[in-house]
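Read through the structure below, which is laid out as C-alpha coordinates, and then see the notes.
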Amino acid sequence: FLYLNSPDYPTEDQQFEAYKKVLADMDGKEVIIRTLDIGADKQIGYFNLPKEDNPAMGMRALRICLNRPEIFKTQLRALYRASAFGKLGIMFPMVTNLEDWDEAMRLVAHCRQLLRERGEEFDPNTPFGVMFGVPSACLTAEEFVEHGCNFFVIETNDLTQYTHAVDRDISIAERYYRPASHAMKKLIRMVVEAAREGGIPVTICGSAVGNPANTLQYLQLGLRSFSVSPQNLIEVKKALMNAKIK
(Lines give C-alpha, C1' and ligand atoms only; values in the text may rest on other atoms or scores of the structure.)
Protein backbone atom coordinates (compact mmCIF):
# COMPACT_ATOMS: atom_id res chain seq x y z
CA PHE A 1 0.00 0.00 0.00
CA LEU A 2 2.89 2.37 0.65
CA TYR A 3 3.95 1.98 -2.97
CA LEU A 4 0.47 1.85 -4.52
CA ASN A 5 -0.65 5.01 -2.74
CA SER A 6 2.47 7.03 -3.46
CA PRO A 7 3.23 9.16 -6.56
CA ASP A 8 6.91 8.18 -6.34
CA TYR A 9 9.16 5.69 -4.58
CA PRO A 10 8.54 6.03 -0.81
CA THR A 11 11.71 7.02 1.01
CA GLU A 12 13.36 5.06 3.81
CA ASP A 13 12.09 7.53 6.41
CA GLN A 14 8.53 7.46 5.05
CA GLN A 15 8.48 3.69 5.21
CA PHE A 16 10.10 3.62 8.63
CA GLU A 17 7.43 5.89 10.10
CA ALA A 18 4.62 3.76 8.65
CA TYR A 19 6.10 0.45 9.88
CA LYS A 20 6.93 1.95 13.27
CA LYS A 21 3.33 3.10 13.75
CA VAL A 22 1.94 -0.36 12.96
CA LEU A 23 4.33 -2.05 15.38
CA ALA A 24 3.68 0.48 18.12
CA ASP A 25 -0.10 0.20 17.70
CA MET A 26 0.07 -3.60 17.96
CA ASP A 27 1.47 -3.25 21.49
CA GLY A 28 3.90 -6.17 21.48
CA LYS A 29 1.90 -8.55 19.25
CA GLU A 30 3.79 -10.03 16.32
CA VAL A 31 3.52 -8.25 12.96
CA ILE A 32 4.52 -9.98 9.73
CA ILE A 33 5.26 -7.56 6.90
CA ARG A 34 5.52 -8.79 3.34
CA THR A 35 8.19 -7.06 1.26
CA LEU A 36 7.25 -5.25 -1.93
CA ASP A 37 4.74 -7.40 -3.85
CA ILE A 38 3.82 -5.62 -7.06
CA GLY A 39 3.57 -6.84 -10.64
CA ALA A 40 0.91 -9.03 -12.28
CA ASP A 41 -2.40 -7.38 -11.24
CA LYS A 42 -0.67 -4.68 -9.13
CA GLN A 43 0.99 -2.27 -11.54
CA ILE A 44 2.59 1.03 -10.48
CA GLY A 45 3.31 3.62 -13.14
CA TYR A 46 6.51 5.11 -11.74
CA PHE A 47 8.17 1.67 -11.68
CA ASN A 48 8.07 1.68 -15.49
CA LEU A 49 7.92 -2.08 -15.63
CA PRO A 50 8.24 -3.51 -19.15
CA LYS A 51 5.01 -4.72 -20.75
CA GLU A 52 4.69 -8.52 -20.54
CA ASP A 53 2.30 -10.82 -22.37
CA ASN A 54 1.90 -12.87 -19.19
CA PRO A 55 2.88 -10.66 -16.23
CA ALA A 56 1.88 -13.27 -13.62
CA MET A 57 4.76 -15.38 -14.87
CA GLY A 58 7.30 -12.60 -15.19
CA MET A 59 8.73 -9.75 -13.14
CA ARG A 60 6.83 -9.44 -9.89
CA ALA A 61 7.34 -9.35 -6.12
CA LEU A 62 10.77 -10.55 -5.00
CA ARG A 63 11.95 -10.83 -8.60
CA ILE A 64 11.58 -7.07 -8.98
CA CYS A 65 13.34 -6.51 -5.65
CA LEU A 66 16.33 -8.62 -6.66
CA ASN A 67 16.44 -6.96 -10.07
CA ARG A 68 16.30 -3.47 -8.47
CA PRO A 69 18.27 -3.95 -5.26
CA GLU A 70 18.39 -0.27 -4.28
CA ILE A 71 14.59 -0.19 -3.95
CA PHE A 72 14.71 -3.41 -1.95
CA LYS A 73 17.49 -2.24 0.36
CA THR A 74 15.58 0.97 1.11
CA GLN A 75 12.64 -1.09 2.32
CA LEU A 76 14.82 -3.52 4.27
CA ARG A 77 16.58 -0.69 6.12
CA ALA A 78 13.23 0.89 7.02
CA LEU A 79 11.88 -2.44 8.25
CA TYR A 80 14.96 -3.14 10.34
CA ARG A 81 14.79 0.31 11.94
CA ALA A 82 11.11 -0.29 12.81
CA SER A 83 12.03 -3.60 14.45
CA ALA A 84 13.30 -1.62 17.45
CA PHE A 85 9.68 -0.66 18.23
CA GLY A 86 7.91 -4.02 18.28
CA LYS A 87 7.88 -7.69 17.36
CA LEU A 88 8.49 -7.82 13.61
CA GLY A 89 8.81 -10.63 11.09
CA ILE A 90 9.76 -10.02 7.44
CA MET A 91 8.45 -12.24 4.65
CA PHE A 92 9.57 -12.55 1.03
CA PRO A 93 6.79 -13.18 -1.57
CA MET A 94 7.18 -15.05 -4.87
CA VAL A 95 10.27 -17.00 -3.83
CA THR A 96 10.93 -19.46 -6.66
CA ASN A 97 14.06 -21.26 -5.50
CA LEU A 98 16.84 -21.30 -2.93
CA GLU A 99 18.91 -18.89 -5.02
CA ASP A 100 16.23 -16.23 -4.55
CA TRP A 101 16.37 -16.69 -0.79
CA ASP A 102 20.16 -16.63 -0.61
CA GLU A 103 20.42 -13.50 -2.76
CA ALA A 104 17.78 -11.72 -0.68
CA MET A 105 19.54 -12.63 2.56
CA ARG A 106 22.85 -11.29 1.22
CA LEU A 107 21.11 -7.94 0.75
CA VAL A 108 19.68 -8.25 4.26
CA ALA A 109 23.20 -8.75 5.64
CA HIS A 110 24.40 -5.69 3.70
CA CYS A 111 21.61 -3.55 5.17
CA ARG A 112 22.32 -4.83 8.68
CA GLN A 113 25.96 -3.81 8.38
CA LEU A 114 25.10 -0.37 7.00
CA LEU A 115 22.69 0.31 9.85
CA ARG A 116 25.38 -0.66 12.37
CA GLU A 117 27.76 1.79 10.72
CA ARG A 118 25.08 4.48 10.91
CA GLY A 119 24.50 3.75 14.59
CA GLU A 120 20.84 2.92 14.08
CA GLU A 121 18.90 0.84 16.59
CA PHE A 122 17.29 -2.37 15.30
CA ASP A 123 16.66 -5.96 16.31
CA PRO A 124 19.43 -8.10 14.75
CA ASN A 125 17.37 -11.22 15.49
CA THR A 126 14.41 -10.16 13.36
CA PRO A 127 13.03 -13.37 11.77
CA PHE A 128 12.78 -13.75 8.00
CA GLY A 129 10.37 -16.09 6.23
CA VAL A 130 9.36 -17.47 2.86
CA MET A 131 5.92 -17.09 1.33
CA PHE A 132 5.22 -20.29 -0.59
CA GLY A 133 3.21 -19.45 -3.70
CA VAL A 134 5.31 -21.31 -6.27
CA PRO A 135 5.35 -25.14 -6.52
CA SER A 136 9.11 -25.30 -7.11
CA ALA A 137 9.72 -23.71 -3.71
CA CYS A 138 7.31 -26.13 -2.00
CA LEU A 139 9.15 -29.10 -3.50
CA THR A 140 12.40 -27.93 -1.89
CA ALA A 141 11.02 -26.45 1.34
CA GLU A 142 13.50 -28.25 3.60
CA GLU A 143 16.39 -26.45 1.88
CA PHE A 144 15.11 -23.07 3.07
CA VAL A 145 15.23 -24.26 6.68
CA GLU A 146 18.82 -25.40 6.15
CA HIS A 147 19.67 -21.91 4.86
CA GLY A 148 18.30 -20.09 7.88
CA CYS A 149 14.64 -19.43 7.10
CA ASN A 150 12.76 -18.71 10.35
CA PHE A 151 9.13 -19.27 9.32
CA PHE A 152 6.93 -20.41 6.42
CA VAL A 153 3.70 -18.96 5.04
CA ILE A 154 1.72 -20.94 2.43
CA GLU A 155 -0.10 -18.53 0.08
CA THR A 156 -3.02 -20.43 -1.47
CA ASN A 157 -3.98 -17.83 -4.10
CA ASP A 158 -0.77 -17.97 -6.11
CA LEU A 159 0.01 -21.59 -5.26
CA THR A 160 -3.36 -22.73 -6.66
CA GLN A 161 -2.89 -20.59 -9.75
CA TYR A 162 0.58 -21.90 -10.54
CA THR A 163 -0.17 -25.52 -9.60
CA HIS A 164 -3.26 -25.75 -11.83
CA ALA A 165 -2.16 -23.31 -14.55
CA VAL A 166 -5.31 -21.23 -14.20
CA ASP A 167 -6.11 -17.57 -13.55
CA ARG A 168 -8.75 -17.43 -10.82
CA ASP A 169 -10.34 -14.37 -12.45
CA ILE A 170 -11.30 -16.00 -15.77
CA SER A 171 -14.39 -18.00 -16.68
CA ILE A 172 -12.83 -21.48 -16.50
CA ALA A 173 -11.46 -20.85 -13.00
CA GLU A 174 -14.39 -22.55 -11.29
CA ARG A 175 -13.46 -25.87 -12.89
CA TYR A 176 -9.67 -25.71 -12.57
CA TYR A 177 -9.00 -23.37 -9.64
CA ARG A 178 -9.06 -25.93 -6.82
CA PRO A 179 -7.20 -24.80 -3.66
CA ALA A 180 -7.91 -28.07 -1.81
CA SER A 181 -7.12 -30.47 -4.67
CA HIS A 182 -5.01 -33.57 -4.22
CA ALA A 183 -2.08 -31.82 -5.90
CA MET A 184 -2.39 -28.83 -3.57
CA LYS A 185 -2.60 -31.09 -0.52
CA LYS A 186 0.63 -32.83 -1.52
CA LEU A 187 2.47 -29.53 -1.89
CA ILE A 188 1.06 -28.15 1.36
CA ARG A 189 1.98 -31.32 3.22
CA MET A 190 5.58 -31.02 1.97
CA VAL A 191 5.86 -27.50 3.37
CA VAL A 192 4.21 -28.44 6.68
CA GLU A 193 6.50 -31.46 7.16
CA ALA A 194 9.61 -29.43 6.31
CA ALA A 195 8.57 -26.81 8.87
CA ARG A 196 7.89 -29.46 11.51
CA GLU A 197 11.22 -31.19 10.94
CA GLY A 198 13.00 -27.84 10.98
CA GLY A 199 11.24 -26.70 14.14
CA ILE A 200 9.86 -23.49 12.61
CA PRO A 201 6.27 -22.14 12.50
CA VAL A 202 4.08 -22.41 9.41
CA THR A 203 0.90 -20.46 8.55
CA ILE A 204 -1.52 -20.73 5.64
CA CYS A 205 -3.21 -17.70 4.07
CA GLY A 206 -5.21 -16.68 1.02
CA SER A 207 -8.87 -16.47 0.08
CA ALA A 208 -9.27 -20.26 0.21
CA VAL A 209 -8.66 -20.22 3.97
CA GLY A 210 -11.88 -18.21 4.36
CA ASN A 211 -13.84 -21.29 3.26
CA PRO A 212 -14.35 -23.53 6.33
CA ALA A 213 -14.42 -26.68 4.16
CA ASN A 214 -10.93 -25.89 2.86
CA THR A 215 -9.66 -24.84 6.29
CA LEU A 216 -10.73 -28.16 7.84
CA GLN A 217 -8.80 -30.01 5.15
CA TYR A 218 -5.73 -27.87 5.86
CA LEU A 219 -6.18 -28.66 9.55
CA GLN A 220 -5.98 -32.38 8.75
CA LEU A 221 -2.70 -31.72 6.91
CA GLY A 222 -1.14 -30.48 10.15
CA LEU A 223 -1.65 -26.72 9.92
CA ARG A 224 -2.53 -24.90 13.14
CA SER A 225 -2.10 -21.25 12.12
CA PHE A 226 -4.56 -19.65 9.69
CA SER A 227 -4.60 -16.13 8.25
CA VAL A 228 -8.24 -15.25 7.56
CA SER A 229 -10.00 -12.13 6.27
CA PRO A 230 -12.09 -10.44 9.00
CA GLN A 231 -15.39 -11.16 7.23
CA ASN A 232 -14.67 -14.92 7.34
CA LEU A 233 -13.19 -15.09 10.82
CA ILE A 234 -16.23 -16.10 12.87
CA GLU A 235 -17.35 -18.83 10.45
CA VAL A 236 -13.88 -20.33 10.16
CA LYS A 237 -13.23 -20.14 13.89
CA LYS A 238 -16.51 -21.94 14.60
CA ALA A 239 -15.61 -24.73 12.16
CA LEU A 240 -12.15 -25.15 13.72
CA MET A 241 -13.51 -25.25 17.26
CA ASN A 242 -15.93 -28.05 16.29
CA ALA A 243 -13.41 -30.01 14.23
CA LYS A 244 -12.42 -33.57 15.07
CA ILE A 245 -8.76 -34.09 14.14
CA LYS A 246 -7.79 -37.58 13.00
### Summary
Sorted by accessible surface (1.4 Å probe, heavy atoms of the protein chains only), largest first, 26, 184 come out as 26, 184
#### Entry: Contour minus Cα-Cα distance for residue 231 and residue 68 (0.36 nm per residue)
55.1 nm
## Note on the structure
Taking protein heavy atoms only, a 1.4 Å probe, and rounding to whole percent, the accessible area of the chain owed to carbon and sulfur comes out at 51 percent
### Message
For a 22 Å ceiling on Cα separation, which of these pairs sit above it: 21/87; 20/238; 29/185; 186/237; 87/238; 185/244?
### Response
20/238; 29/185; 186/237; 87/238
### Query
Dipole magnitude of the stretch 101-246 about its Cα centre, charges +1 at Lys/Arg Cβ and -1 at Asp/Glu Cβ only, in debye to the nearest 20?
780 debye
### Query
Which of the listed residues, 157, 91, 79, is farthest toward the dipole's positive end in the stretch 78-168, when Lys, Arg count +1 and Asp, Glu count -1 at the beta-carbon?
79
#### Entry: Expected 222 nm ellipticity per residue - DSSP helices of 4 or more, -39500 (n - 2.57), all of the chain, to 500
-13500 deg cm²/dmol
### Task
Count the DSSP beta bridges whose two residues both fall in the chain, then state the antiparallel fraction as a percent rounded to the nearest 5.
5 percent
### Message
Once R0 is set to 22 Å, what does the formula 1/(1 + (r/R0)^6) return for the Cβ-Cβ distance between residue 14 and residue 84, expressed as a FRET efficiency to the nearest 0.05?
### Response
0.80
### Query
To the nearest 10 square angstrom, how much accessible area does residue 234 have with a 1.4 angstrom probe?
140 Å²
### Query
Counting Lys +1, Arg +1, Asp -1, Glu -1, what net charge surrounds residue 25 among other residues with beta carbon under 14 Å of its beta carbon?
+1
### Task
Multiply the residue separation of residue 30 and residue 213 by 0.36 nm, subtract the distance between their alpha-carbon atoms, and state the gained length in nm to one decimal.
63.1 nm
### Message
Suppose every Lys and Arg Cβ carries +1 and every Asp and Glu Cβ carries -1, with no other charges. What dipole size does the chain come out with about its Cα centre, to the nearest 20 debye?
### Response
800 debye
### Task
For residue 167 and residue 241, calculate 0.36 nm times their separation in residues minus their Cα-Cα distance, and state this gained length in nm to one decimal.
23.4 nm
#### Entry: C-alpha long axis of helix 12-25 to longest principal axis of the chain, angle in °
50 degrees
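The values are calculated or read from the model by the stated rules, or taken from the named source; none is laboratory data. Keep in mind that what you see is a predicted model, and the values were worked out from it rather than measured. Cβ sites come from the backbone with ideal geometry, for glycine too, and all protein chains shown count toward neighbours. Surface areas here come from the heavy atoms of the whole protein model, side chains and all, with no ligands, DNA or RNA. Shrake-Rupley method; radii C 1.70, N 1.55, O 1.52, S 1.80 Å.
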